[in-house]
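Accompanying notes for the structure given below.
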There are 2 protein chains.
Amino acid sequence: MTDFWKDSPELATTLERVALLMRDAVRGNDFPLEEAVGAIVESNGKMLRPAFLVLGSRFGKKGSVERVLPLAASIELLHVSTLIHDDVIDESDLRRGVPTLHTRFGVKDAVLAGDWLFARCFQLAAASASPEHAQALARLICAICAAEIRQDLDKWSYSPSLRAYHRKIAGKTAALFSLALHVGATEAKAPNRVAERLRRAGYDIGMAFQIIDDILDFESTEGVMRKPVGHDVAEGLCTLPLIHALRADEAGMRALLARLPRPGAARAGAAGASATAEAVAAILARSAELGGLDAARRDAERYTRRAQAAIDGLPAGAARDDLSRLTAKLLSRSY
Amino acid sequence: MTDFWKDSPELATTLERVALLMRDAVRGNDFPLEEAVGAIVESNGKMLRPAFLVLGSRFGKKGSVERVLPLAASIELLHVSTLIHDDVIDESDLRRGVPTLHTRFGVKDAVLAGDWLFARCFQLAAASASPEHAQALARLICAICAAEIRQDLDKWSYSPSLRAYHRKIAGKTAALFSLALHVGATEAKAPNRVAERLRRAGYDIGMAFQIIDDILDFESTEGVMRKPVGHDVAEGLCTLPLIHALRADEAGMRALLARLPRPGAARAGAAGASATAEAVAAILARSAELGGLDAARRDAERYTRRAQAAIDGLPAGAARDDLSRLTAKLLSRSY
């Protein structure tokens, strides 16, 4: 476990138990790649998704946390299975310091291992959640896949539509945070209005989280983010700071964007990389000048305020304090 | 629908309805690739898996067929989602005459589309089957993925173990046929002993079906099979005729197998292809001489007889007649 959770020792202990369940779901199930997939599962990250589920369940009946642990494991394993497929797609060599599956066993076994883990998660979910929640989880995965495909198809076409952007990040990020908090609360038989409030809080946290992620790509120098600055822009993505910049000066921004080398058309080697870096730098600088970053920051702050207001309306107690602390930490990126 | 079902008009009509449910599961769900994935889904093949599920349900209470249609659609969509991933892995250009997704949208969107369909199936299954059956379906997908990975890892290592072979094809094929018949019967509240008998029949049908598939790769000239002869051998797979040949003359067969060019080490272009073709031809010929094919045929016949005996023990009626006819057709490959 990372020291991300050092301020919430109760949650940290629970997440350790979720991690054990995740390990057990992979090991000892007659799965030929259990060692390799086990290593990826055990190199787990912050476990945000199960943390939201567990936090949601703490608003329900006493002792309910126990009941949602398998579902929490399932939701994080689903995340890991998408990471395995991401690594195949991106041809990444390492994931959290562990060699990726396709570098060790080839693309075929890596895709199949992701599928295996995917099915294993649904098995866990069907065994541990109500049929309605198992369905909700499956529906959510559909929404996430659809949002990722939509983002990929929209590459290199710069729509200044705020609505399309919000829809995309809602599917990609906010829906999952929202579902985790809501399902946790509902499985724990929390009152409906509490569960509803948690659903809204999760949505707002997720929206703010993703907008901040998109802003960091425009401003980070180093350290906080692992991605190089302007990575999204170089990939042809149109995120919120760029959308605001387009709305401020569409013709000017489109002229800059037209100078960005596309895959395939790009010049090879160092010349191509330098052309990309130059074009990206110009786009980042002009987006900032046009107030695109400031406008995006205001949007993130609006979602953050809404999230905190939703949380403040929840029943007081250790669960609310932990959720509030986690939200503040996530949305200030102070980690 | 293919004319595969022309002798079973009642089943054909039911499968048309399953096909409509499959179409509805993909269309109109805010899925960006619905047109492309829809085209693949609608180019459906024989729909064997849903046919077994529907046949199983006809041994239960009257009117139960209606109830299992969504699950039948789900089980076939799962199959389609694995085909989408297979095409990415094999870099195939066409599937049933329709361009594959990755040729149209790239690897990323093709993998994600397979994942989307996968999740959509689990959603349907969770909505339409009992939690136990939703779990069983997920567990089955795990077994299929594990068997495929095991087969891939075992390539180029020629174990003469009959047990390992049976285990592999049980996971790859027989478990699915078995589950479909059994779940269909159970969802339709058929008596336990009927459901159990169907489970065994499905297993034996699946085993015979896969062994025959493996035999055809050794003997087919053209027409019946679409794969080139010796495809499995050229790929480094060790199927039943080869296992029996190894058991008859291990040293001799290993000497022939050692002449088979491996990927990477293979000579490029026409020379490489001709070296492979020569080595494969020698292996096929010697396997036949050693009685490997005959022994494999006897194994297939044993499973076929067992399947027919299990079917004969089922309650008489149109359902049994249809199942018996389908089994005879599948296992004689008279289509």
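The values are calculated or read from the model by the stated rules, or taken from the named source; none is laboratory data. Being a predicted model, the structure only gives us computed values, none of them experimental. For neighbour counting, all protein chains shown are included, and Cβ atoms are generated from backbone atoms with ideal geometry for every residue, glycine included. The protein model used for the area step is the full one, side chains on, heavy atoms only, and it has no ligands, DNA or RNA in it. Shrake-Rupley method; radii C 1.70, N 1.55, O 1.52, S 1.80 Å.
What residues in the range B:141-157 lose 30 Å² or more of accessible surface when the other protein chains are added to their chain alone (1.4 Å probe)?
Buried by the other chains: B:142, B:145, B:146, B:148, B:149, B:150, B:152, B:153.
For chain A, with a Gaussian network of springs between Cα atoms less than 10 Å apart, report the residue from A:57, A:178, A:130 with the top mean-square fluctuation.
The residue with the greatest mean-square fluctuation here is A:130.
Collect residues whose amide H, placed 1.01 Å from N in the peptide plane, falls under 5 Å from the amide H of residue A:98; neighbours closer than 5 in sequence don't count.
Here nothing satisfies the definition.
Select from the range B:96-123 all residues whose loss of accessible area on going from the chain by itself to the full protein assembly reaches 30 Å² or more (probe 1.4 Å).
Checking the loss per residue gives B:108, B:109, B:111, B:112, B:115, B:116, B:118, B:119, B:122, B:123.
Assuming 0.36 nm per residue, please report the length gained on full extension of the stretch residue A:305 to residue A:329 beyond their Cα-Cα distance.
Working: separation 24, 0.36 × 24 = 8.64 nm, distance 1.36 nm.
Extra length from residue A:305 to residue A:329 when fully extended: 7.3 nm.
For the protein assembly as shown, with equal point scatterers placed on the C-alpha atoms only and solvent neglected, what are the log10 I(q)/I(0) values from the Debye formula at q = 0.07, 0.11 1/Å, to two decimals?
Here log10 of I(q) over I(0) equals -0.53, -1.18.
At 0.36 nm per residue, minus the direct Cα-Cα distance, what do residue A:157 and residue A:262 gain on full extension? Give it in nm, one decimal, please.
Numbers: separation 105, 0.36 × 105 = 37.80 nm, distance 1.15 nm.
Contour length minus Cα-Cα distance gives 36.7 nm.
Please work out which residue of chain A brings its Cβ closest to the axis of the rotation superposing A onto B, and round that distance to whole Å.
Whole-Å result, nearest residue of chain A to the axis: A:122, 2.
Once you sort the root eigenvalues of the Cα gyration tensor of the range B:104-157 as a ≥ b ≥ c, which label holds: rounded (a/c under 1.5), prolate (a/b larger than b/c) or oblate (the other case)?
On the way: a/c = 5.63, a/b = 1.22, b/c = 4.63.
Oblate is the answer for the range B:104-157, as a/c is 1.5 or above yet b/c matches or exceeds a/b.
Just the accessible area per residue of the protein assembly as shown, please: how many Å² with a 1.4 Å probe? Before the final figure, lay out the partial values.
Working: 27470 Å² over 670 residues.
About 41 Å² of surface per residue is accessible.
For the range B:55-79 and the range B:238-259, what is the separation of their C-alpha centers, rounded to whole Å?
For the range B:55-79 versus the range B:238-259, the Cα centre distance is 43 Å.
Working with all protein chains in place, sort B:5, A:156 by solvent-accessible area computed with a 1.4 Å probe, largest first. Can you show the working numbers first?
Values: B:5 10, A:156 55 Å².
Ranking B:5, A:156 by accessible area, largest first, yields A:156, B:5.
Per 20 Å bin, what percent of the C-alpha pairs of chain B does each bin hold, from zero upward?
Pairs per bin, as whole percents: 29, 57, 14, 0.
Taking a point 7 Å out from Cα toward Cβ as the label site, list the nm distances between residue A:263 and the same residue in every other copy, smallest first.
2.1
If B:139, A:199 are ordered by their accessible area, calculated over protein heavy atoms with a 1.4 Å probe, which sequence runs from highest to lowest?
Numbers: B:139 120, A:199 95 Å².
So, going from the largest accessible area down, we get B:139, A:199.
Over all directions, average the projected area of the Cα convex hull of the range A:103-198 and note it in nm². Walk me through the intermediate numbers first.
Values: hull surface 34.1 nm².
Here the figure is 8.5 nm², rounded to one decimal.
Would you mind computing the Rg to Rh ratio of the range A:156-328 from its alpha-carbon coordinates, Kirkwood style for Rh?
On the way: Rg = 19.0 Å, Rh = 17.6 Å.
With Rh from the inverse mean 1/r over Cα pairs, Rg/Rh is 1.08.
Nm distances between the label at residue B:164 and the same-position labels in the remaining copies, 7 Å along Cα→Cβ, shortest first?
Residue B:164 label point versus its equivalents elsewhere: 5.3 nm.
Looking at chain A, do any whole DSSP H helices span at least 27 angstrom along their long axis by alpha carbon and average 0.5 or above on Kyte-Doolittle, and which? Could you put the intermediate results ahead of the total?
Numbers: long enough: A:64-90 (39 Å, 0.73); A:101-128 (34 Å, 0.55); A:131-153 (33 Å, 0.41); A:192-219 (40 Å, -0.19); A:269-289 (30 Å, 0.76); A:292-312 (30 Å, -1.11).
Span-like helices in chain A: A:64-90, A:101-128, A:269-289.
Per-residue ellipticity at 222 nm for chain A, helices alone: DSSP H runs ≥ 4 residues times -39500 (n - 2.57), over residue total, nearest 500 deg cm²/dmol?
-24000 deg cm²/dmol
Which of the trypsin sites (Lys or Arg not before Pro) found in the range A:226-335 are in a DSSP loop and have at most 15 neighbouring Cβ atoms, other than their own, within 10 Å? Write out the running numbers ahead of the final one.
Details: sites: A:226, A:247, A:254, A:259, A:267, A:286, A:297, A:298, A:302, A:305, A:306, A:320, A:325, A:329, A:333; in loops: A:226, A:259, A:267, A:333.
Those satisfying the criteria are A:226, A:259, A:267, A:333.
How big is the A/B interface in buried accessible area, both sides summed, 1.4 Å probe, to the nearest 100 Å²?
On the way: alone 15550 and 15520 Å², together 27470 Å².
Using a 1.4 Å probe, the pair buries roughly 3600 Å².
Round to the nearest 0.05 the FRET efficiency obtained for residue B:289 and residue B:27 when R0 = 60 Å and r is the Cβ-Cβ distance. Walk me through the numbers on the way to the answer.
On the way: r = 54 Å, r/R0 = 0.90.
E between residue B:289 and residue B:27, to the nearest 0.05, is 0.65.
May I ask you to report, in nm to one decimal and beginning with the shortest, the distances from residue A:251 to the same position in the other copies, taking label points 7 Å along Cα-to-Cβ?
8.7
Give me the dipole magnitude in Debye, nearest 20, for the range A:60-195 about the Cα centre, with unit charges on the beta carbon: positive for Lys and Arg, negative for Asp and Glu. It would help to have the intermediate numbers written out before the result.
Values: 17 positive and 14 negative charges, 134 e Å.
Dipole magnitude for the range A:60-195 comes out near 640 debye.
Ignoring ligands, DNA and RNA, what percent of the 1.4 Å accessible area of the range B:147-335 is carbon and sulfur? The partial results should precede the final answer.
Working: 4380 of 8430 Å².
Carbon and sulfur atoms account for 52 percent of the accessible area of the range B:147-335.
Alpha carbon centre of the range B:19-47 versus the range A:95-150: separation in Å?
21 Å
Can you tell me the convex hull volume per residue for the range B:1-129, based on C-alpha atoms, in Å³ to the nearest whole number?
Details: hull volume 12.4 nm³, N = 129.
Each residue corresponds to 96 Å³ of Cα convex hull volume.
Leaving out ligands, DNA and RNA, and with a 1.4 Å probe, what % of the accessible surface on the range A:8-129 is carbon or sulfur? Walk me through the numbers before you get to the answer.
On the way: 2080 of 4270 Å².
Here carbon and sulfur together make up 49 percent of the probe-accessible area.
Could you sort B:90, A:217 by accessible area so the largest value comes first, with the probe set to 1.4 Å?
Details: B:90 95, A:217 0 Å².
Final ranking, largest accessible area leading: B:90, A:217.
Explain nothing, just the number: relative contact order of the range B:147-335, from Cα pairs under 8 Å at least 6 residues apart, as a whole percent.
Details: 227 pairs, mean separation 48.9, N = 189.
For the range B:147-335, the relative contact order is 26 percent.
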